[in-house]
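Structure, as structure tokens:
Bear in mind that the values in this text are calculations on the coordinates, not laboratory data. Because the structure is predicted, anything quoted here is derived from the model rather than measured. Cβ coordinates were reconstructed from backbone atoms using ideal geometry, including for glycine residues, and neighbour counts include every protein chain displayed.
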Amino acid sequence: MRTEDRHFILGYGSLINGESRAKTGETGDVWPVKLHDFERHWSEMSCEFGMSSVAVVAAPGRACNGVLVEVPQDQFPFFDEREVGYQRTEVTPSQLSGYQQGSLPAGTYWVYHTDEVVAPHPGSPIALSYLDVILSGCLERGDAFTEDFLTLTQGWSSPLLNDRPAPRYPRAQPDVPTERLNRLLAPVTTLSIQELSVTYEP
């Protein structure tokens, strides 16, 4: 395939998770990377599900991590629909650096971003069902990658909801083991380990 025919999406939230990507469309190989000159924030991107999401905004000198995912061009409409409310913008090779040795694949790189961060609030909190999907995907890429996700994300003081018993996130993965996720989240969230672990009787 010619270089100009290869396209890649930078996934920095739920698209880090392979199972989650597969629910949207066909994808190819994946490379863990850092995206430079963008910063990741928690932001209310839509009021549809009553939860906030992660989003990136242009921020010279800052960075966030994610995965570079090869996506056939005919699959882009499905990902554009998934990321409604975001803008898809081309990024340059110089804005990406890999976690592993070796060069990144040649092609056209895209990222879904926003121009304005709307802080989460009690009516649109950070939802654990969404966070579980992201962190499970991060752990597929190793501990250092996961720690970078936590460190390179802004807005952890925002309201957080344990919605695991009744997930608000439409692509939730309720079977993921949460004990390790709780330990990762405890230092950065507004909930205690006890609150993170709480279950509800039906």
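Data overview
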quantity: Gyration tensor verdict on region 1-87 (Cα atoms; rounded if a/c is under 1.5, prolate if a/b is larger than b/c, oblate otherwise); calculated: oblate
quantity: Unit Cα scatterers, Debye sum, region 3-197: log10 I(q)/I(0) for q = 0.13, 0.14, 0.15 Å⁻¹; calculated: -0.65, -0.76, -0.88
quantity: Region 3-197, relative contact order [Cα under 8 Å, separation at least 6], %; calculated: 27 percent
quantity: Whole-angstrom Cα spans of region 130-196 along principal axes, big to small; calculated: 30, 24, 20
quantity: Shape of region 85-141, Cα gyration tensor, a/c cut at 1.5; calculated: oblate
quantity: Label-point separation in nm, E26 to T190, each point 7 Å along Cα→Cβ; calculated: 4.4 nm
quantity: Cleavage-rule hits, GluC sites (Glu not before Pro), region 112-202, DSSP coil, Cβ neighbours within 10 Å at most 10; calculated: E116
quantity: Semi-axes of the equivalent ellipsoid for region 41-96, Cα gyration tensor, largest first, Å; calculated: 21, 19, 9
quantity: Simple label model, 7 Å out from Cα along Cβ direction - S197 to S103, nm; calculated: 5.0 nm
quantity: Cα-centre dipole for region 3-197 with unit charges at Cβ (Lys and Arg positive, Asp and Glu negative), debye to 20; calculated: 420 debye
quantity: Label point distance in nm, R62-D143, each placed 7 Å from Cα along Cα→Cβ; calculated: 2.8 nm
